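Report on the following structure.
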Amino acid sequence: MILLLLKRIGFMIFTMIVVSIILFLLLETGLTGDPATRVLGNFASDEQKEIWRDQQGYNQPVIVRYAKWLGNFATGNLGTSIRYKGPVKDVLLPRLWNTAILGFWTFAIMIPLSLTLGILSGMKEGSLLDRTISVFGILTTSVPEFASAVFFSALFVFGLKWLPGTSSMSDGFEFKQLLLPAMVLVVYDFGYVARMTRASMAEVMTSQYVRSAVLKGLPYRQVIIRHALRNALIAPFTVIMLQINWLLSGVIVVEFFFAYKGFGALLLEASLNNDIALLEACAMVAVVVAVSSQTIADIGYTFLNPRIRFS
Amino acid sequence: MTDNQDPVLLCKDLCISYYTRAGEIPAVVDFSLTVKPGETIGIVGESGCGKSTVAMAIMQYMGANGGIKSGSITFKGRDLTTLNEDELRSIRGSEISMIYQEPFASLNPSLKISTQLMEVPLAHENISKEEARKRSVQMLTDVNLPDPERVMESYPHQLSGGQQQRAVIAMGLLSNPSLLLLDEPTTALDVTVEAGIVKLIADISKKFGTSQIYISHNLGLILETCDRVFVMYSGEVVEEGTINSLFTWPKHPYTHGLFSCIPLPTTDKNAAPLKPIQGQLPLPFERPSGCYFGPRCDHFEQGLCDKDHFRMENVEGSAPDHRVRCLRYKDIDHTKEASGDTAKESLEIGKRVLNVDGMKKYYEVKDASLMALIAGKSVRHVKANEELNFTAHESETVAIVGESGCGKSTFAKVLMGLETGTEGEIRHKGKDISDIEVRDRSTKQIRSLQMVFQNPFDTLNPSHTIGGQISRVIRQFGIETDKKKVFDRVMTLLDTIKLPRDFYFRKPRQLSGGQKQRIGIARAFAGNPNLVICDEPVSALDVSVAAAVTELLMDIQREHKTTLLFISHDMSVVRYLSDRIVVMYLGHLLERGTTEQIFAPPYHPYTEALLSAVPIADPEITKRRIVLEGNLPSAINPPKGCPFCTRCHRKIGDICDNEPPQDQVVSDRHVIKCHIPIEELSKIKPVIIVPDESERIHAK
């Protein structure tokens, strides 16, 4: 178990280093165009560019530069954002926090909802309830976020006038402003997780051990909760952990639409403005989140499945 | 057991149907059954005959599309078909419980055995958890599981197949049911493990007074466990009676046909070969009018057997509960017929084709646990094959016998070149092939060494036609390249395997299991091989189909003088068709010799146990019962001395634990690897005793 943990963490670090190398080669070297041009613009003179390169240390060997860059990153020095004219850290952290809040509420609503409905529909495959939930799931998943964002705005902001149309939180945090972006995300992702859960549950319900549980004369509730559920949750668990990655980039449209000051909106701005340091930091954050959520998923697996725990 | 006791279960004129889009499919028709207290009833039949449907109907677990069309199932005076879910729940698991075919699939993989056992009494009785636990441990002891406390704390995957099935049986018996349904409880288990479970099942009714319904396709197992037997064919019972009357005087042509399909100790591949039942089982919606068995029956009479559907009637002059569904049973005199098929000529054994000399195969296993790293034992060896020595000649059938995990499939892989041997030689026609991988072998070598696989369902590509798949092999082997000639060759092969020529255009899904296995055989024989490995080629097939495929293999061998290496765990099939036998256990070769030598003393103790474990469907053959204790040891950590010492019933002392035994030569090419001197082993009485022909009352 300890060895497994160490292995997973080792693998995690390895992945992050590989990604950082790719990132560095793409953004900090001449591979995809001159970084000096990217920062100073097309109209800067060669002289200006040379001075900038000298100042920023771009004339040193690539390996030395990478080592320095990595060292800075590891110690939390993420560089300076040219767009926000300040340390990247000060810009990034509040934005990340905002997205975490949005993500938390999205998940807090979406996971219980989709698991419950998925399980209900998988319990009796082909029943009226199952078909209703399945059709509803497909319907919501097939409407993209930008469309449902427009639709919900029209309904709740302009029609019923219940909710504010922007979520910029300019006067401090307000829960009401969070509702619409969270709703759009929940509606989009719910169908996917629910359908995964349904498929997994339906399969478990046809398994022989569920049959033997029924034929043992156990109450139906016990058959479901004790025998079916735990095995049925293994597959949706993986999907849910993958949704965390999706959420990081998936929020771009929603955050932009509702003017929510989150990570997605920041990523968009950074790439539109060639803000290299910010872009690098954002990319690394995304990698860290992806790798650690998968590590958690792997460890979570061993608890759901004793066959892995004691092999 | 007295006749005036109220029956436990009474099925009367039961008709069960499945309702699909294609319409109603009658699965079981006109089924009547009485189970008395303490009685064990056997239901026997081939797949698709409706025997499992009956069990599921008794449990009232039919799925969404199944239903009871007419008739009643009365359990202790209550009609089960009229009960609601709650009432059923109070009966399921407490009054009627069920044991399943695959123990691993029927145990929940993520719950401990203790949870799965204790919930049975907790659901049905008002008792405390401690009481439930105490009772579960007691029951595990009763089903002869050693160390029940450890089993309680295990997850299903930590137990062996036999232990799992014992745990499932314990689960079924926990609330002391009046009726136990057993649906092929030993089919997924090894023979020696099966013998233990069968003994346990036979003890249950004595110990607990439980009535049982035992469903199986194996007549031998039914004979060993049951009091009365029902033979089912195509959804209906064709014959029923006590074990004694039905096995001694089978009346229905189908029952009789089944007996002719089993390789009993009285059959012989040359003098009295197996006689397969002609034709195929009709699909439920294609059943003929009159007798369902009519089209396959040798005694079919037009105008009589094909008119109306008829009912069971009592057999005149036999026991009162011996009943048969046949209008002509009185006219058929089974004694006049030869029990087997017409005699076939025996083959001359030719020159040596295969010589295995000291072949070893070790697998490296990397142990990644922290403990192993510290102890410096991170690489260990699985000794899959240890010093194999034997030979095979032209036209000879050599059987490799052993239970799962004994290394017989590893040997086949090395022979085929899917793996390379670690040490020693395998000389095929004089050339060592043990370390040449299959892709480095010449086409000629590959062509002359082919294999028929165990599972015909997975070995054919579902998206290609039969003809296409066989033609490809012919072109690959470079036998023919011309399109027309390839086609002709496929046609000859289809004739050889006795399938109609228009099968060329069929896809695998349109074929039955037996037909697929025939295609597998055609593929193997496409390049006229001189050595064919058959890895359990008939174990996945029904009795009558298996007989036909076995006979086909024999016929092709006669024609082509092929050497067959027959890998199997079934001693009765092996006895029937092989000339020489090699007995393997845990990678070691424990005994080798001709079939007669293996089946007569002196035996290796393991051979003795294997012979004893084979169920024989003949009540007049007596058998000494030897049940092996314990499980197969792990191949990573084999016993230091004799590989069999942990389970041996004839262990003589420390020498068995500490020193590996040497080969003892009994006579030319009959070798036993054991510490017990040959003189001692020779004194052992035969395991299977077949009475003289004159003493027999059997109808055959």
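The values are calculated or read from the model by the stated rules, or taken from the named source; none is laboratory data. All values reported here derive from a predicted model rather than from experimental measurement. Cβ coordinates were reconstructed from backbone atoms using ideal geometry, including for glycine residues, and neighbour counts include every protein chain displayed.
A few comments on the model shown:
- Taking the criterion of being acidic (Asp, Glu) and assigned to a helix (DSSP H, G or I), the residues of segment A:1-60 that qualify are A:Glu28, A:Asp46, A:Glu47, A:Glu50, A:Asp54.
- Here segment B:411-424 is the region considered, the condition is being outside any strand (DSSP E or B) and out of contact with any Asp or Glu (no Cβ under 7 Å at 6 or more places or on another chain), and the residue that is nearest to B:Asn389 (Cα to Cα) is B:Phe411.
- Selected residue [loosely packed, with under 15 Cβ neighbours inside 10 Å and either part of a helix (DSSP H, G or I) or modelled with pLDDT under 85 (or both)] from B:Arg447, B:Arg472, B:Arg489, B:Arg439: B:Arg439
Yes/no matrix, rows are residues, columns are (1) modelled with pLDDT under 80; (2) more than 27 Å from the chain's Cα centre (by Cα); (3) of a type in the set (Phe, Trp, Tyr); (4) in a loop (DSSP other than H, G, I, E, B):
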position	(1), (2), (3), (4)
B:Met371	yes, yes, no, no
B:Ala384	no, no, no, no
B:Ile400	no, no, no, no
B:Gly405	yes, no, no, yes
B:Ser409	no, no, no, no
B:Ile426	no, yes, no, no
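- Candidates are the residues of segment B:312-326 that are in a loop (DSSP other than H, G, I, E, B) and modelled with pLDDT of 80 or more; the one that is farthest from B:Glu551 (Cα to Cα) is B:Asp321.
Yes or no, residue by residue, for (1) surrounded by fewer than 18 Cβ atoms within 10 Å (Cβ to Cβ); (2) at pLDDT 85 or above; (3) on the phi > 0 side of the Ramachandran plot:
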residue	(1), (2), (3)
B:Gly630	yes, no, yes
B:Ser634	yes, no, no
B:Cys645	no, yes, no
B:Cys648	no, yes, no
B:Gly653	yes, no, yes
B:Asn658	yes, yes, no
B:Arg669	yes, no, yes
B:Lys673	no, yes, no
B:Pro677	yes, yes, no
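- Among (1) within 14 Å of chain B (Cβ to nearest Cβ); (2) in a helix (DSSP H, G or I), the one test that A:Ile244 misses: (1)
- A:Leu128 vs. criteria within 14 Å of another protein chain (Cβ to nearest Cβ) and either within 20 Å of A:Ser200 (Cα to Cα) or touching a strand residue (DSSP E or B) at 6+ places or on another chain (Cβ under 9 Å) (or both): yes
- Odd one out for B:Gly294, checked against (1) under 22 Å from the mean Cα position of the chain (by Cα); (2) buried (at least 19 other Cβ atoms within 10 Å of the Cβ): (1)
- Cross-chain or 6+ apart pairs with Cβ under 9 Å, segment A:194-206 first and in contact (Cβ under 8 Å) with a residue 24 or more places away in the chain, then in a helix (DSSP H, G or I) and among the acidic types (Asp, Glu): A:Arg198/A:Asp130; A:Ala202/A:Asp130
- Tally, over segment A:52-69, of residues that are surrounded by 14 or more Cβ atoms within 10 Å (Cβ to Cβ) and at pLDDT 85 or above: 1
- If you filter segment A:211-227 down to residues that are within 11 Å of chain B (Cβ to nearest Cβ) and either under 17 Å from B:Tyr155 (Cβ atoms) or in contact (Cβ under 8 Å) with a residue 60 or more places away in the chain (or both), you find that the one that is surrounded by the fewest Cβ atoms within 10 Å (Cβ to Cβ) is A:Arg226.
- Within the span defined as segment B:115-123, every residue fails to be within 11 Å of another protein chain (Cβ to nearest Cβ), in a loop (DSSP other than H, G, I, E, B) and either surrounded by fewer than 20 Cβ atoms within 10 Å (Cβ to Cβ) or within 31 Å of the chain's Cα centre (by Cα) (or both).
- Listed by position, the strands (runs of 3 or more DSSP E) enclosed by segment B:35-111 that each have at least 2 residues that are within 14 Å of chain A (Cβ to nearest Cβ), under 26 Å from the mean Cα position of the chain (by Cα) and not hydroxyl-bearing (Ser, Thr, Tyr) are B:96-99.
- Only one entry in A:Ala290, A:Ala265, A:Ala270 is in a helix (DSSP H, G or I) and either of a type in the set (Asp, Glu) or over 16 Å from the mean Cα position of the chain (by Cα) (or both), namely A:Ala270.
- Residues that are of a type in the set (Ser, Thr, Tyr) and within 23 Å of the chain's Cα centre (by Cα), drawn from segment B:570-602: B:Ser572, B:Tyr576, B:Ser578, B:Tyr585, B:Thr595
- Flag for B:Ile556 being in a strand (DSSP E or B) and either free of Cβ contacts under 8 Å to residues at least 12 places away in the same chain or β-branched (Val, Ile, Thr) (or both): no
- Looking only at segment B:203-218, and only at residues there that are without any contact (Cβ under 8 Å) to a residue 60 or more places away in the chain and not basic (Lys, Arg), the one that is surrounded by the most Cβ atoms within 10 Å (Cβ to Cβ): B:Ile204
- Within segment B:137-163, restricting attention to residues that are more than 31 Å from the chain's Cα centre (by Cα) and part of a helix (DSSP H, G or I), the residue that is surrounded by the most Cβ atoms within 10 Å (Cβ to Cβ) is B:Val137.
- Listed by first and then second residue, the pairs linking a residue in segment B:620-643 that is over 17 Å from B:Leu189 (Cα atoms) and in contact (Cβ under 8 Å) with a residue 24 or more places away in the chain to a residue that is of a type in the set (Gly, Ala, Ser) and in a loop (DSSP other than H, G, I, E, B), with Cβ atoms under 8 Å apart and 6 or more places separating them unless they lie on different chains, are B:Ala635/B:Gly405; B:Ala635/B:Gly407; B:Ala635/B:Gly587; B:Pro638/B:Gly587; B:Pro643/B:Gly587.
- Within segment B:494-547, the set of residues being among the hydroxyl-bearing types (Ser, Thr, Tyr) and within 30 Å of B:Ser216 (Cβ to Cβ) comprises B:Ser512, B:Ser539, B:Ser544.
- The listed residue being closer than 30 Å to A:Thr29 by Cβ and either within 14 Å of another protein chain (Cβ to nearest Cβ) or in contact (Cβ under 8 Å) with a residue 60 or more places away in the chain (or both), out of A:Ala283, A:Ala235: A:Ala283
- Note on segment B:198-229: residues that are part of a helix (DSSP H, G or I), over 14 Å from the mean Cα position of the chain (by Cα) and within 16 Å of B:Ser245 (Cα to Cα) total 3.
- Out of A:Ile101, A:Ile133, A:Ile119, sole residue that is part of a helix (DSSP H, G or I) and within 16 Å of A:Pro181 (Cα to Cα): A:Ile101
- Candidates B:Arg489, B:Arg447, B:Arg439, B:Arg475, filtered to the one that is more than 19 Å from B:Gln517 (Cβ to Cβ), of a type outside the set (Phe, Trp, Tyr) and in contact (Cβ under 8 Å) with a residue 60 or more places away in the chain: B:Arg447
- Unmet criterion (only one of (1) part of a loop (DSSP other than H, G, I, E, B); (2) farther than 21 Å from A:Phe104 by Cβ) for A:Thr166: (2)
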